[in-house]
Structure formats: C-alpha cells, structure tokens
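Only one structure is covered here, and it is reproduced in the block below.
The numbers here are math on the coordinates, done by the rules we state, and not lab data. In this text the structure is predicted, and so the values were computed from the model without any measurement. As a convention, Cβ positions derive from the backbone with ideal geometry for all residues, glycine included, and neighbour counts pool all protein chains shown.
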Amino acid sequence: MLVEVPVPSDTDANYCDDPVRGPETISSKSEEMRRFKRRQKMLRLTVLPALLLSALLPALRERASAQDAPLIKPVKIYDEPAKPLLDDKDHVSTNISGIGCLPPKEATRHCLMIDDEGQRAQIVRLGEDGLTVTDHRPRLIREDADPPPFGAAPMNADCSAGNGKFKDLDGEAVAYANSYFYVAGSHGCSRNSFKFHPSAFLLVRLPVDETGHMAGEPQATYRLSEALKGSEKVKNYFGKDLTSANGLNIEGLAVSDD
C-alpha cells in the first residue's frame, strides 16, 4: 500500500492565471511546488519501507518462534523386540495401526496391539527394556461368531466398487477402560479396493485380566456404525470412498463414562 498525497499541477488555474498575485507570485508558487514534490517523494520513500516492514513482521516473528522452539527428542531408543509382531498368517506384521494399554504397574504396561489387515490382536508388554511380544493373540472377530454382532451391518454404503466379503477388522484404534479393550474397525470403504467390507464396520469389546490376557469372549457390535450414520456432523461422509468422496475413516478412539 502506498500513501498518495495530491499535488496541484504546474498548470493549475489557481497558480498560472492569478490576475491579482501576478508573475512573481506564480514564480514563488512554482518554487513551492518543486519543494512540495520533493517532500512528496521523501514521504513515499519513507512510508513504503515502513509498510513493507509491517507486512513482514508476522512472518519474521513466526520464523523466530520456530527457530527458538525446543527440539523434541526421544527419551530412549530401544532395540527391536526379540520376537516380532505377527499378522494372521504368521508373517512379520508390517501394518501395525493401533495400541492401547492398561494403567502401568510399576514400570510395566500390558497392552493390546492391532494390525489393520487381520482379525486378531496381539498382547505386548512395554517396560524399561522395551517391547516384549507375547504369544497371546486373541481373535477379535469371525464371520460365524456366536452370538453374532449386535445390530445390523450398514446396508446403504456407497463404496464405489460395491460389496465385498466379511474379511478383516481393519482395526485402526484401541482404547482401554474398566477391564475391557475396545478396538474399532476403520468404518470406511477399503482404501485400495474401494469395496464395502462389513467386518471393517465393527467395534469390538474384549474383556481382559490384569495382564491384558483375554478373560472372556469378545463382543462385536455394529452400533457405532448406526451412531455415525445418525450424526449430523459426519453422516454425509459415512460409507463413501476415502479419497474421491472424502469418506469417513476412524483413526483414533477414546472411552469415557463406561
């Protein structure tokens, strides 16, 4: 932004055609005009740098704040666990997507970890020596579960590739509360195949003991799907392709008031 100061021109009638003040007045006014123009240029040169500095100050402050911010460093880096995490086919898992833990006991936490391409979870321990993978791998869902999941699978999902089979939980999040692990499927269309898999629209509650081991049968439900479909904030994104239609996909979970 540049401040403009109006300046009368050399041919202004008030200066050039003054019958009372005459040529001397016109000459003196012309000199005054030249001085005024010089002051105008100085004013423009002064105002412009000030405005530029004012415009740059927020960016300069932000950069300075970023430079002054402390670096976040890991407290400790652990070695790889002696036993690897496994997927449902007993291969080394490469799709770990969620973990939830019981409250700590001294320096140890018992946790449930999930892979988003399977029906099972895996119990692990976090301690001073790092991650310990146990042999306990509870199965969270199955197509022929008895009793079957509460509620009904969504019938009006708009996944572009249509309906697929009951497959993986596509687990994306884990939380713990009051002796239960809660594991949420993605509740979204498949990212790669664009299909609707009813198994991905389940929420599972797993009862566990104080070491995180299964203490009863898992309980699955489609009720979270029903709640999302009825939510004014997200219902328009439910059951839509993730990328092309900005579809809903769960990536985190918290439990309260259980």
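Filter segment 109-123 down to the residues that are surrounded by fewer than 22 Cβ atoms within 10 Å (Cβ to Cβ) and of a type in the set (D, E, K, R), then identify the one that is nearest to the chain's Cα centre (by Cα).
Asp116
Taking the options Asp158, Asp170, name whichever one is surrounded by 19 or more Cβ atoms within 10 Å (Cβ to Cβ) and either within 27 Å of Asp241 (Cα to Cα) or of a type in the set (Gly, Ala, Ser) (or both).
Asp170 is the lone residue from the list that is surrounded by 19 or more Cβ atoms within 10 Å (Cβ to Cβ) and either within 27 Å of Asp241 (Cα to Cα) or of a type in the set (Gly, Ala, Ser) (or both).
Sort out which residues of segment 107-134 are in contact with a Pro (Cβ under 7 Å, 6 or more places away or on another chain), closer than 14 Å to Val92 by Cα and not basic (Lys, Arg), and write them in order of number.
Ala121, Val133
Take segment 96-127 and flag every residue that is within 17 Å of Glu172 (Cα to Cα), part of a loop (DSSP other than H, G, I, E, B) and in contact with a strand residue (DSSP E or B) (Cβ under 7 Å, 6 or more places away or on another chain).
The answer is Asp116, Gln119.
Cβ-Cβ distance below 9 Å, separation of 6 or more or different chains: which pairs start in segment 76-95 with a residue that is assigned to a loop (DSSP other than H, G, I, E, B) and end on one that is hydroxyl-bearing (Ser, Thr, Tyr) and surrounded by 10 or more Cβ atoms within 10 Å (Cβ to Cβ)?
Pro81/Thr132; Ala82/Thr132; Lys83/Thr132; Lys83/Thr134; Pro84/Ser93; Leu85/Ser93; Asp87/Ser93
Scan segment 238-258 and report the pairs whose first residue is without any contact (Cβ under 8 Å) to a residue 40 or more places away in the chain and whose second residue is part of a loop (DSSP other than H, G, I, E, B) and not β-branched (Val, Ile, Thr), with Cβ atoms within less than 7 Å and a gap of 6+ or a chain change.
Correct list of pairs: Asn246/Lys240.
Scanning for something more than 24 Å from the chain's Cα centre (by Cα), assigned to a loop (DSSP other than H, G, I, E, B) and of a type outside the set (Val, Ile, Thr), does segment 222-232 turn up at least one residue?
Checking segment 222-232: at least one residue is more than 24 Å from the chain's Cα centre (by Cα), assigned to a loop (DSSP other than H, G, I, E, B) and of a type outside the set (Val, Ile, Thr).
Checking the structure you have, find out if any residue of segment 110-125 is touching a Gly at 6+ places or on another chain (Cβ under 6 Å) and not aliphatic (A, V, I, L, M).
Checked against the condition, which is being touching a Gly at 6+ places or on another chain (Cβ under 6 Å) and not aliphatic (A, V, I, L, M), segment 110-125 yields at least one hit.
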